[in-house]
Every structure is written in structure tokens, then in C-alpha cells.
Amino acid sequence: QVQLVESGGGLVQPGGSLRLSCAASRSIFSLNAMGWYRQSPGKERELVATLTSGGRTNYADSVKGRFTVSRSNARNTVYLQMNSLKPEDTAVYYCNAVEYGYDSWGQGTQVTVSS
């Protein structure tokens, strides 16, 4: 199991940008995949973006072209660059790591897009 700590959330105006970070407690080199999910009040948690150890990415249709997931093995960190933010992007964003079929989750960071 790996501990994950997210940071970088906050309040931003529509059209603005934020970068989320997820720091892992140990090396992420061997993890099968890392990524980001989000959950809004009254809704189920949904996939935002994932990145496999081989470099393959997967994005929700709603964020394609606006969000970019990346990782730094040297810093044991995965990032989510979010541009052109919309009010509907408002949610708690959770970091996820998968290793041998086992999921680890961070505690979440709030992102609020509002004028």
C-alpha cells in the first residue's frame, strides 16, 4: 500500500488554471497506474485522468484538451494540470494509485470554479 497526499486545490474563476499534485510515500516507479478521480455532491466518483507506468493516458471526455496528467518518478509525484476550468469541474479531486490490483486513495482536495 502507498500513502497519497494531494495538494493544489482551491478557488478559481471560470477560464482559470490550477495544478494539482499528489505526493506518494514511496517510489511510484513500480506502480501500475496513477491518476485522478473527482466527486461532486450527490454524484458518484468519476474518472478524470489516468497514467500507466508505460506512459499511456486516459481522459474523461469532459476534460480532454483541457487537463493533462503527468508524473515525476524522481519526486514520487503525479500532477494534474487543469486549464480552461468550468463551474462543472467543481468537485473534490482524489489521487489514485494501482499496484497489483490494489487501489490506494488520497484524502482529496477541493476544487471550486466560481466567479
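The values are calculated or read from the model by the stated rules, or taken from the named source; none is laboratory data. Everything quoted here is computed from the prediction, not taken from an experiment. Counting neighbours? That spans all protein chains shown, and the Cβs are built from the backbone with ideal geometry, glycine included. Just the protein is used for accessible areas: all its heavy atoms, side chains included, with ligands, DNA and RNA removed. Shrake-Rupley method; radii C 1.70, N 1.55, O 1.52, S 1.80 Å.
Some observations on this one:
- Shown in residue order for the range 62-73 are the 3J(HN,Hα) couplings computed by the Karplus curve 6.51 cos²θ - 1.76 cosθ + 1.60 at θ = phi - 60°: 5, 10, 4, x, 10, 10, 9, 9, 8, 9, 10, 5 Hz (x for Gly and Pro).
- In the chain, the sites counted are trypsin sites (Lys or Arg not before Pro) in DSSP loop states with at most 16 other Cβ atoms within 10 Å, and the longest stretch holding none of them, exclusive of the sites, is 76-115.
- The Cα atoms of the range 1-61 give a gyration tensor whose axes a ≥ b ≥ c have a/c of 1.5 or more with a/b greater than b/c, which makes the shape prolate.
- Under 5 Å from the amide H of residue 28 lie the amide H atoms of 76, each residue being 5 or more positions distant or on a separate chain, with H modelled from the backbone and absent for Pro and chain starts.
- Backbone N under 13 Å from the residue 46 label point (7 Å along Cα→Cβ), restricted to the range 85-101: 86-92
- Taking every protein chain into account, the 1.4 Å probe leaves residue 112 with about 40 Å² of accessible area, to the nearest ten.
- Distance between modelled label sites at residue 72 and residue 25, nm, 7 Å Cα→Cβ extension: 2.2 nm
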